[in-house]
1. Could you compute the net charge surrounding Arg68? Neighbours are other residues with a C-beta less than 12 Å from the C-beta of Arg68; K and R count +1, D and E count -1.
2. Rounded to the nearest 20 debye, what is the charge dipole size of segment 6-77 about its Cα centre when +1 sits on each Lys and Arg Cβ and -1 on each Asp and Glu Cβ?
3. So what is the orientation-averaged projected area of the chain, using the convex hull of its C-alpha atoms, in nm²?
4. Express the carbon and sulfur contribution to the solvent-accessible surface of the chain as a percent, rounded to the nearest whole number, probe 1.4 angstrom.
5. Mind counting lysine pairs for me in the chain? Cα separation below 19 Å, and the two need to be 8 or more apart along the chain or on different chains.
6. When the chain is fully extended, how far beyond the present Cα-Cα distance does Phe64 get from Lys110, taking 0.36 nm per residue of separation?
7. Cα centroids of segment 1-52 and segment 60-76: how far apart, whole angstrom?
8. Mind putting a number on the dipole of the chain about its Cα centre? Charges go on the C-beta only, +1 for Lys and Arg and -1 for Asp and Glu, and I need it in Debye to the nearest 20.
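The values are calculated or read from the model by the stated rules, or taken from the named source; none is laboratory data. These numbers were taken from a predicted model, which means no experiment stands behind them. Every residue, glycine among them, receives a Cβ derived from its backbone with ideal geometry; neighbour counts consider all protein chains shown. Areas reflect the complete protein model, heavy atoms only, side chains present, ligands, DNA and RNA absent. Shrake-Rupley method; radii C 1.70, N 1.55, O 1.52, S 1.80 Å.
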Amino acid sequence: QIQLVESGGGSVQAGGSLTLSCAASGYSTDSLCLGWFRQSPGKQREIVALIDKANVPVASYADFAKGRFIIAKNNFKRTLSLQMNNLTPEDTGMYFCASDHPSSRSTCPKSGPSDYWGQGTQVTVSS
């Protein structure tokens, strides 16, 4: 099985930055559809950013993340990262990384991967 472990969360003031990391084990990230999600109490989990498994990975972002967040992966280290800049209190929540099952599928689902999840890391942004 694939295991995902997030780290890097914490508390930061509005306007600050945080970089989250997700370590994957079991399979190379080169074989996986990967993404970051977040969830606030009383709200559904939502996509933050996705990245596919092309040789030159293609990233996609939720509207609220465009221009502020950067998703990237290192296939040698088997890590996924999310650089978050210009944070606002609305960015507060639990952030999760996710992957799909390794497969021969060449494209990733638009809804994001959902087969494996990390434990989550808390991000709190104060005003």
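1. Local net charge: -2.
2. That gives segment 6-77 a dipole magnitude of about 100 debye.
3. Dividing the Cα hull surface by four gives the mean projection, 7.2 nm².
4. Taking all protein chains in place, the chain shows 49 percent carbon and sulfur surface.
5. So the count of such lysine pairs works out to 5.
6. Going from the current span to full extension adds 14.9 nm.
7. So the separation of the two Cα centres works out to 10 Å.
8. The dipole magnitude comes to about 140 debye.
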